[in-house]
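The structure under discussion appears below in the form of structure tokens.
The values are calculated or read from the model by the stated rules, or taken from the named source; none is laboratory data. This is a predicted model, so every value here is computed, not measured. Here the Cβ is made from the backbone with ideal geometry for all residues, glycine too, and neighbour counts use every protein chain on show. Ligands, DNA and RNA are excluded from the accessible area calculation, which covers all protein heavy atoms including side chains. Shrake-Rupley method; radii C 1.70, N 1.55, O 1.52, S 1.80 Å.
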Amino acid sequence: MNNIVILISGSGSNMRAIVEHSWRERWLERFEAQVSLVISNDAASRGLAWANGVGIPTQVVSHKDYPSLSKDQARQAFELDLCAAIDAHNPSLVVLAGFMRILNPTTVEHYSHRMLNIHPSLLPAFTGLHTHERALQAGCKFHGATVHWVTPELDAGNIVDQAVVPVLNTDTAQSLAQRVLTQEHLLYPRVIENWLQSRAR
Ligand code: GRF
């Protein structure tokens, strides 16, 4: 079985797009693949409620659960618990989808070549936060999203695929973000399906 574990922090719209695509395209029959667990570091995240509602196993691993530890120790304890939750499903693929925590190199290396991330810019441009504002400020005519393998350096792993969105004269950061997100919902499921396809061959 190709278990896929998805990590989210908020609305989880990419996670939802992946799950719905996996059902529509019958990943279970075609690739013996399923989203077997959705983890959030925030119990209040909307995506978690959606996953619960459709019967996908969910788990909360909160970085705020270690108040008695020092910052470094808390981060380490959080990541150990996170890895334990992920590894319990023995996943073929770990998918970061709007997961807003930066992971330690040790954790990232543990999932080397099996952890994907989606980033809302055309990498290598605009790593980090506020990508839509920065693309507008820079006067970019094109913007978009990137799916890449996760490596210890932030947003710097090998690019798997990208979606390009033209920037309109009338765009605000919000309107641009919305159009990029719509493309992310097509891009991320497609990348994962291609990966499953090449694995099956
Ligand atoms: C997306 O724009 C993604 O690229 C970024 O965070 C956002 C998450 O949105 N990493 P959602 O939680 O999937 O709705």
Strands (runs of 3 or more DSSP E) wholly inside segment 1-73 that include at least 1 residues being of a type in the set (G, A, S), open to solvent by less than 30 Å² (accessible area, probe 1.4 Å) and more than 16 Å from the ligand (Cβ to nearest atom) = 33-40
Confirm whether T131 is in contact with a strand residue (DSSP E or B) (Cβ under 7 Å, 6 or more places away or on another chain), in contact (Cβ under 8 Å) with a residue 12 or more places away in the chain, of a type in the set (S, T, N, Q) and open to solvent by less than 40 Å² (accessible area, probe 1.4 Å).
-> no
Conditions (1) assigned to a helix (DSSP H, G or I); (2) within 16 Å of the ligand (Cβ to nearest atom); (3) of a type in the set (S, T, Y): number failed by T146 | (1)
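Quick check, is S11 over 30 Å from R201 (Cβ atoms) and of a type in the set (S, T, N, Q)? Spell out how you get there, then give the answer.
Details: over 30 Å from R201 (Cβ atoms): yes; of a type in the set (S, T, N, Q): yes.
Yes.
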(1) within 22 Å of R24 (Cα to Cα); (2) open to solvent by 80 Å² or more (accessible area, probe 1.4 Å) all hold for V147 apart from (2)
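Can you say whether N104 is touching a helix residue (DSSP H, G or I) at 6+ places or on another chain (Cβ under 6 Å) and open to solvent by 20 Å² or more (accessible area, probe 1.4 Å), as far as the supplied structure shows?
On the way: touching a helix residue (DSSP H, G or I) at 6+ places or on another chain (Cβ under 6 Å): yes; open to solvent by 20 Å² or more (accessible area, probe 1.4 Å): yes.
Here the answer is yes, as N104 does meet what is asked.
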Quick check: anything in segment 76-93 among the aromatic types (F, W, Y), in a helix (DSSP H, G or I) and closer than 20 Å to M115 by Cα?
-> yes
Please go through segment 134-144 and pick out each residue that is within 14 Å of V164 (Cβ to Cβ) and open to solvent by 20 Å² or more (accessible area, probe 1.4 Å).
-> C140, K141, F142
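Look at S121 and say whether it is surrounded by 13 or more Cβ atoms within 10 Å (Cβ to Cβ), free of Cβ contacts under 8 Å to residues at least 60 places away in the same chain, farther than 13 Å from I6 by Cα and small (G, A, S). Don't jump to the end; show me each part of the working.
Working: surrounded by 13 or more Cβ atoms within 10 Å (Cβ to Cβ): yes; free of Cβ contacts under 8 Å to residues at least 60 places away in the same chain: yes; farther than 13 Å from I6 by Cα: yes; small (G, A, S): yes.
For S121, the condition - surrounded by 13 or more Cβ atoms within 10 Å (Cβ to Cβ), free of Cβ contacts under 8 Å to residues at least 60 places away in the same chain, farther than 13 Å from I6 by Cα and small (G, A, S) - is met.
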If you take the residues in segment 76-125 that are more than 19 Å from A156 (Cβ to Cβ) and either in contact with a Gly (Cβ under 7 Å, 6 or more places away or on another chain) or of a type in the set (D, E) (or both), which one is farthest from the ligand (Cβ to nearest atom)?
-> D87
Inspect all residues belonging to segment 44-54 and state whether any of them is of a type in the set (A, V, I, L, M), at pLDDT 95 or above and touching a Ser or Thr at 6+ places or on another chain (Cβ under 8 Å).
-> yes
Just name the residue that is least open to solvent (accessible area, probe 1.4 Å) out of those in segment 150-201 that are within 11 Å of the ligand (Cβ to nearest atom) and of a type in the set (G, A, S).
-> A163
